[in-house]
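Asks: Would you mind keeping the following structure in view while I ask a few things?
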Amino acid sequence: MVSHVRLQYYQHRYCLVCMTGSLGCRWHRYKQSTRDSRKRDLVIFSLLSATFLFCIFLLYCIFVMRNDFSDLNWYFYSQTKKWLPVYSIFLIVVCVVFSYLFILMCLSLCHLLQGHQLYTHKVHAVFILLFLGFFISLVVTIDEMWREEWAIVWLSLQIFGPYLQVGAVAVMTLMSWLIARQWFTLSSTYGQLLCLMVYLAVMTGLYVAPLFINSPCVVLISELPPRPRLLAHRGASAIAPENTLASFHVANQYNVEGFEADVRISLDGVPFLLYDSTFQRTTNIEQVFPSLVNQDASFFNMSQIKQLNAGLWFLEHDPMYTVGQVSEERKWLYRNQSVPTLQELVEYTSSTNKTLMLDIRNPPTGHPYRALTENNTIEVILQGGLRPDSVLWLTDSEKGAPEGFHPVAANRYYPSSHLHRNNISMVNVMFNVLSSDNIQEYKANNISVNIHTVNEDWLFSLYWCMGVSSVSTNNCQSLSTLQTPIFHLSPRNYLILWMTVDIMSALLVITAFIVQRLRLRGTNYSPNMIKY
């Protein structure tokens with residue numbers, strides 16, 4: 001007699017097949033296993049976890065380094081003479097790799113939750129090693145070419161620290177369900193004790209971390225320092241071609257305190273505005289004077305300089321990714337910009353009653369006006385009707401400024417006593433120079449601090465909370481709209497947030513361990529007992 005009774009019933013679990021297939025290429029049921037994971041696979045999982053955390057760190061660094069993304073792009077332009085959005089390329093590549101590693105992490109954690117053997121395919125293992133090597137190379141590259149940017153990562157922790165702590169507690173709390181399950185499956189008492197101690201140490205460290213977070217933005221709103229004044233760095237250079245009259249006209253619409261400009265002197269002794277030593281990056285010199293592309297800008301006379309277009313490059317390359325926001329009327333204005341003389345800027349500054357910060361760049365040795373650069377600049381300022389005391393003259397602390405002008409010590413930290421002896425009441429430094437203590441020292445001694453270049457809202461907010469007097473910025477159009485610092489918390493609200501998150505986390509962790517214990521109580525756990 002033939003029986004038609006089904007001898008065995010297989011439940012189709014397509015999600016499980018996709019999980020094991022995607023991670024280990026185990027697409028058939030007979031290849032799936034609930035046995036203990038091999039040491040090889042545990043090592044690969046550990047390597048994956050380390051690479052994933054490294055990727056998160058790099059992604060965070062790249063996001064906060066956006067404040068100076070244009071500097072990275074300009075550096076590669078100076079090396080290759082070709083415009084490439086290098087920062088965006090780095091960001092896209094790291095985001096793609098992060099997505100891949102995130103998927104692998106999710107698949108691995110799902111294996112652990114389901115009680116399945118971890119099995120990572122060799123192809124994934126090779127990619128993990130390659131990406132780890134890529135991240136290490138990227139960090140070394142940043143350290144070699146862009147070392148000052150590590151300072152901005154440290155600064156970001158001062159404002160984001162409270163929120164990063166909350167996020168870390170939340171992630172570790174969510175992981176407690178998996179950690180508790182794995183802990184109860186360990187057969188070794190010593191292994192259980194070690195794992196429990198490590199987990200408790202990590203959680204305790206996260207719970208008490210706010211005791212060591214000293215964020216300037218955790219302060220009562222009534223105790224906030226005055227809002228820093230804005231100096232338009234080369235004009236509104238995020239939305240207009242830098243060091244052009246159009247850029248300064250646009251900046252004036254955003255209620256800036258003053259303008260910052262770079263001054264060079266022409267072969268016939270006329271001061272003009274330019275940051276670079278050549279015209280290659282910011283003009284159309286390749287079309288007008290192709291044989292003089294690499295010539296120092298100070299060896300052109302003013303009639304030659306005025307033949308160059310100083311606005312087209314901005315529209316063609318879109319270096320700040322903002323051209324799409326520019327109106328057609330402004331684009332027409334930008335297309336017709338020439339390299340301005342200092343006299344043109346001085347007259348405009350005088351008419352708007354703004355201050356003017358000048359960074360004077362001496363010409364090379366052999367230039368006929370090398371010794372007269374400062375005198376010619378002073379003459380133009382006085383003839384243009386601008387009061388000398390409204391001109392911020394960047395200098396070192398020993399040389400000082402011409403009589404009547406406002407001296408500003410530049411580039412490095414000077415003790416307050418040294419500045420007072422030299423009658424200097426203002427410093428202008430990059431964000432990586434001064435610590436919070438240095439800023440407080442200057443405030444206590446009535447010395448104004450200007451930080452450059454501050455482009456992101458969070459960095460402006462941080463320096464607002466620190467109490468700096470002013471900042472130089474490319475993004476005056478966005479910083480001018482901030483009425484209060486972002487990520488600001490009162491001490492009381494921060495205490496409530498901290499205690500609430502920690503207490504809820506501790507309760508959830510305890511609950512996870514209790515529930516997992518109840519689920520496994522009365523069983524001699526073996527992975528082979530899990531039904532799938």
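The values are calculated or read from the model by the stated rules, or taken from the named source; none is laboratory data. It should be emphasised that the depicted structure is a prediction, and the values quoted were computed from it without experimental measurement. Cβ: placed from backbone, ideal geometry, glycine included. Neighbour counts: every protein chain shown. Only protein heavy atoms, including side chains, enter the accessible area calculation; ligands, DNA and RNA are left aside. Shrake-Rupley method; radii C 1.70, N 1.55, O 1.52, S 1.80 Å.
Asks: Can you tell me which residue among MET466, MET426, MET499, MET430 is among the hydrophobic types (A, V, I, L, M, F, W, C) and free of Cβ contacts under 8 Å to residues at least 12 places away in the same chain?
Replies: MET499
Asks: Of all residues in the stretch 185-195 being under 23 Å from GLN114 (Cβ atoms) and either β-branched (Val, Ile, Thr) or open to solvent by less than 50 Å² (accessible area, probe 1.4 Å) (or both), which is modelled with the highest pLDDT?
Replies: Of everything passing the filter in the stretch 185-195, GLN192 is modelled with the highest pLDDT.
Asks: In addition: Considering only residues of the stretch 114-160 that are out of contact with any helix residue (DSSP H, G or I) (no Cβ under 9 Å at 6 or more places or on another chain), of a type outside the set (Val, Ile, Thr) and closer than 25 Å to VAL454 by Cβ, which is surrounded by the fewest Cβ atoms within 10 Å (Cβ to Cβ)?
Replies: Checking each candidate, the answer is GLU144.
Asks: Related question: Suppose the filter is in contact with a helix residue (DSSP H, G or I) (Cβ under 6 Å, 6 or more places away or on another chain) and either open to solvent by 20 Å² or more (accessible area, probe 1.4 Å) or within 30 Å of THR377 (Cα to Cα) (or both); does THR355 pass it?
Replies: Judged against the criteria, THR355 is a match.
Asks: What number goes with the only condition from (1) surrounded by 13 or more Cβ atoms within 10 Å (Cβ to Cβ); (2) without any contact (Cβ under 8 Å) to a residue 60 or more places away in the chain; (3) in a helix (DSSP H, G or I) that ILE514 does not pass?
Replies: With (1) surrounded by 13 or more Cβ atoms within 10 Å (Cβ to Cβ); (2) without any contact (Cβ under 8 Å) to a residue 60 or more places away in the chain; (3) in a helix (DSSP H, G or I) applied to ILE514, the lone miss is (1).
Here's the yes/no breakdown for (1) acidic (Asp, Glu); (2) over 27 Å from ALA209 (Cα atoms); (3) touching a Lys or Arg at 6+ places or on another chain (Cβ under 9 Å):
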site: PHE460; (1), (2), (3): no, no, no
site: TYR463; (1), (2), (3): no, no, no
site: GLN477; (1), (2), (3): no, yes, no
site: PHE487; (1), (2), (3): no, no, no
site: SER505; (1), (2), (3): no, no, no
site: LEU520; (1), (2), (3): no, yes, yes
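Asks: Moving on. Please go through the stretch 398-424 and pick out each residue that is of a type in the set (S, T, N, Q) and in contact with a helix residue (DSSP H, G or I) (Cβ under 7 Å, 6 or more places away or on another chain).
Replies: SER416
Asks: Further, regarding this structure: Considering the stretch 409-421 alone, what residues qualify as being open to solvent by 50 Å² or more (accessible area, probe 1.4 Å) and in a loop (DSSP other than H, G, I, E, B)?
Replies: Residues satisfying the conditions are ASN411, ARG412, TYR413, PRO415.
Asks: In the stretch 203-246, how many residues are in contact with a strand residue (DSSP E or B) (Cβ under 7 Å, 6 or more places away or on another chain), without any contact (Cβ under 8 Å) to a residue 40 or more places away in the chain and either surrounded by fewer than 22 Cβ atoms within 10 Å (Cβ to Cβ) or not in a loop (DSSP other than H, G, I, E, B) (or both)?
Replies: 0
Asks: Might you check whether a residue that is in a helix (DSSP H, G or I) and either closer than 30 Å to GLN440 by Cβ or in contact (Cβ under 8 Å) with a residue 12 or more places away in the chain (or both) occurs anywhere in the stretch 252-261?
Replies: From the stretch 252-261, those in a helix (DSSP H, G or I) are 252; that's our starting set.
From what is left, the residues that are either closer than 30 Å to GLN440 by Cβ or in contact (Cβ under 8 Å) with a residue 12 or more places away in the chain (or both) are 252.
Yes, some residue in the stretch 252-261 is in a helix (DSSP H, G or I) and either closer than 30 Å to GLN440 by Cβ or in contact (Cβ under 8 Å) with a residue 12 or more places away in the chain (or both).
Asks: Which one is least open to solvent (accessible area, probe 1.4 Å), of the residues in the stretch 266-323 that are farther than 23 Å from PRO364 by Cα and of a type in the set (D, E, K, R)?
Replies: Only one residue tops the list, namely ASP318.
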